[in-house]
Amino acid sequence: MADLELEPTNLQQLNIKSTPRSEMSLFPLDTFEYEYAGKEIWIDFEMPEFTAICPFSDFPDFAVIRLKYVPNKRCIELKSLKLYINSFRNIKVFHEHVVNIILDDFVKACDPMKVELEGDFHVRGNIKTVVRTSYSKK
C-alpha cells in the first residue's frame, strides 16, 4: 500500500476554479486585550449562516461554523468576526479548505491558547460533510 499510485484528479473534467487565497479579500479580524491573561476560559461561537461557493458546481454551500477557543492575551472582536465570516459568500472554496483558512486567520489574529473549529455543512446531493480541526499553542 505504501507504493499506491493515486488516480488523476478531476476525472469528470470539470472546470474547477477555487478562489486563490491572495484574491479572497476577507474582512480583517480585529481583537481586544484579554485582561485576565493566564485565567483559562472557553469562548464559544456558533455561526449558523455561513455561505461559500462550491468550486465544482458554482452553487452555494451552507454551513454552521462552530468556533471554540481559550484566549491568550487577546480576544476576537465580534463584529469583525461576523464581517469576516460573511466575506466568504462570494469565495469559491472547498469545505476542507474553509476550516483551515478560518483557523489560520484566527490564530494569526489573536494567538489563542487553544481553538476547536467545526464546519458542519448542510446536505447536498445526499451527502453531509462535517470538517473539524484544532490548534493548541505550544
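The values are calculated or read from the model by the stated rules, or taken from the named source; none is laboratory data. The structure displayed is predicted, hence computed values, not measured ones. FYI the Cβ positions are ideal-geometry reconstructions off the backbone, even for glycines, and counts take in every protein chain you see.
Some observations on this one:
- Exactly one residue out of 80, 25, 57 is of a type outside the set (Val, Ile, Thr) and in contact with a Pro (Cβ under 7 Å, 6 or more places away or on another chain): that is 80.
- Selected residue (criterion: farthest from residue 33 (Cα to Cα)) from residues of the stretch 102-138 that are in contact with a helix residue (DSSP H, G or I) (Cβ under 7 Å, 6 or more places away or on another chain) and of a type in the set (A, V, I, L, M): 131
- Residue check for residue 49: modelled with pLDDT of 95 or more, at negative phi and part of a strand (DSSP E or B): yes
Yes/no per residue for (1) at pLDDT below 95; (2) touching a Leu at 6+ places or on another chain (Cβ under 7 Å); (3) at negative phi; (4) not acidic (Asp, Glu):
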| site | (1), (2), (3), (4) |
| --- | --- |
| 59 | yes, no, yes, yes |
| 63 | no, no, yes, yes |
| 69 | no, no, yes, yes |
| 72 | no, no, yes, yes |
| 77 | no, no, yes, no |
| 80 | no, yes, yes, yes |
| 83 | no, no, yes, yes |
| 91 | no, no, yes, yes |
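- Of residues in the stretch 105-127 being among the charged types (D, E, K, R), farther than 13 Å from residue 67 by Cβ and modelled with pLDDT of 95 or more, the one surrounded by the most Cβ atoms within 10 Å (Cβ to Cβ): 111
- When 80, 57, 87 are checked against the criterion of being over 28 Å from residue 15 (Cβ atoms) and of a type outside the set (A, V, I, L, M, F, W, C), a single residue qualifies: 80.
- The residue that is modelled with the lowest pLDDT, counting only those in the stretch 11-23 that are assigned to a loop (DSSP other than H, G, I, E, B) and surrounded by 10 or more Cβ atoms within 10 Å (Cβ to Cβ), is 14.
- Each residue in the stretch 45-76 was checked for being touching a strand residue (DSSP E or B) at 6+ places or on another chain (Cβ under 6 Å), of a type outside the set (A, V, I, L, M, F, W, C), in contact (Cβ under 8 Å) with a residue 24 or more places away in the chain and more than 18 Å from residue 125 (Cα to Cα), and 4 of them qualify.
- Filtered residue count, the stretch 70-100, keeping only those that are of a type in the set (A, V, I, L, M, F, W, C), buried (at least 16 other Cβ atoms within 10 Å of the Cβ) and in a helix (DSSP H, G or I): 4
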